[in-house]
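What follows is a single structure, written as structure tokens, with notes after it.
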Amino acid sequence: MTSNRSDRFFTFALLVLASLSCRAQTNPPSERLHYEFRQQHDPNGIGKFFMGREIAYVMGHQAADWLERPERTQEERPDLLLQALKIKSGDAVADIGAGTGFYTRRLAKLVGDKGTVYAVDIQQEMLDLLTNKMAELKIHNVKPILGTITDPKLPKASVDLILMVDVYHEFDFPYEMTESMCRALNPGGRMVFVEFRGEDPKVPIKPVHKMTVAQVRKEMALQPLQWQETIESLPWQHIIVFTKARKL
């Protein structure tokens with residue numbers, strides 16, 4: 001009897017260990033690694049940190065007018081940004097955190113009737129403003145998508161370029177979002193981060209809403225992306241370009 005009990009206990013212990021091992025392997029890498037919470041933090045951040053960087057609060061739809069402020073064209077020079085991206089007619093482009101469509105409508109013109117712009121936002125109110133604007137301007141090559149905080153809901157291997165303008169630093173789950181965006185990129189496709197320069201204290205933006213090139217590259221090192229170039233042609237922002245590895 002003692003031997004049978006010992007055998008049963010040993011078998012049970014092995015099953016428990018196997019179960020714990022499986023759970024450890026299936027937990028998402030980001031859960032096991034890069035996030036932490038701190039009680040002392042910037043009041044403009046959410047107190048959640050990713051690889052040492054505090055995540056900023058998302059700008060709500062109530063502040064949508066700020067995205068269409070008259071001075072934005074001069075401050076950000078979208079003409080220089082779009083020129084640097086070398087977008088071609090017929091491209092499929094995703095505008096992540098599209099907001100009111102400030103960049104969406106400009107992208108739509110560049111890709112033309114044969115191209116597509118996926119306008120992704122996590123706030124339905126923003127998408128309502130965007131679609132109303134597209135209808136007003138008679139733009140028909142934009143597909144609005146309501147994403148989540150972990151997934152932009154883009155079709156797999158569907159886009160040539162993913163553009164994020166002043167958006168990435170607000171992602172609640174940057175690892176998961178980027179992982180999902182990588183799945184949506186075609187092999188050789190580009191992922192572009194436009195962020196206010198965290199290295200420059202003269203840029204008049206709150207610190208948690210700025211990023212350094214080094215920080216962006218550190219975070220992207222976790223993904224199947226290769227840094228291609230950093231373009232410094234804008235007044236206050238970096239243009240940081242990565243490409244997705246091509247299949248061999």
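Here are the numbers:
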read-out: Accessible surface of the range 64-124, 1.4 Å probe, proportion on carbon and sulfur as whole %; value: 50 percent
read-out: Kirkwood-Stokes translational diffusion coefficient of the range 40-147, alpha-carbon pairs, 25 °C, 0.890 mPa s, µm²/s; value: 162 µm²/s
read-out: Probe 1.4 Å, protein heavy atoms only - accessible area per residue of the range 198-248 in square angstrom; value: 59 Å²
read-out: The chain - Rg over Rh from alpha carbon coordinates, Kirkwood radius; value: 1.09
read-out: Rg/Rh ratio calculated on Cα atoms of the range 103-222 (Kirkwood radius); value: 0.98
read-out: Dipole magnitude (debye, nearest 20) for the chain, charges at Cβ of Lys, Arg, Asp, Glu; value: 860 debye
read-out: P(r) weight above 21 Å for the range 150-221, C-alpha pairs, percent; value: 28 percent
read-out: Distance in nm between pseudo-label sites at TYR35 and SER233 (7 Å out along the Cβ direction from Cα); value: 3.7 nm
read-out: Residue order for LEU110, LEU85 - accessible surface, 1.4 angstrom probe, largest first; value: LEU110, LEU85
read-out: Sites excluded, GluC sites (Glu not before Pro) in DSSP loops with at most 15 other C-beta within 10 Å, longest stretch of the chain; value: 72-198
read-out: Area accessible to solvent at VAL165, 1.4 Å probe radius, in Å²; value: 10 Å²
read-out: Shape of the range 107-163, Cα gyration tensor, a/c cut at 1.5; value: oblate
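The values are calculated or read from the model by the stated rules, or taken from the named source; none is laboratory data. In this text, all values refer to a predicted model and were calculated from it rather than measured experimentally. Methodologically, a virtual Cβ is constructed for each residue, glycine included, from the backbone with ideal geometry; neighbour enumeration extends over all protein chains shown. Just the protein is used for accessible areas: all its heavy atoms, side chains included, with ligands, DNA and RNA removed. Shrake-Rupley method; radii C 1.70, N 1.55, O 1.52, S 1.80 Å.
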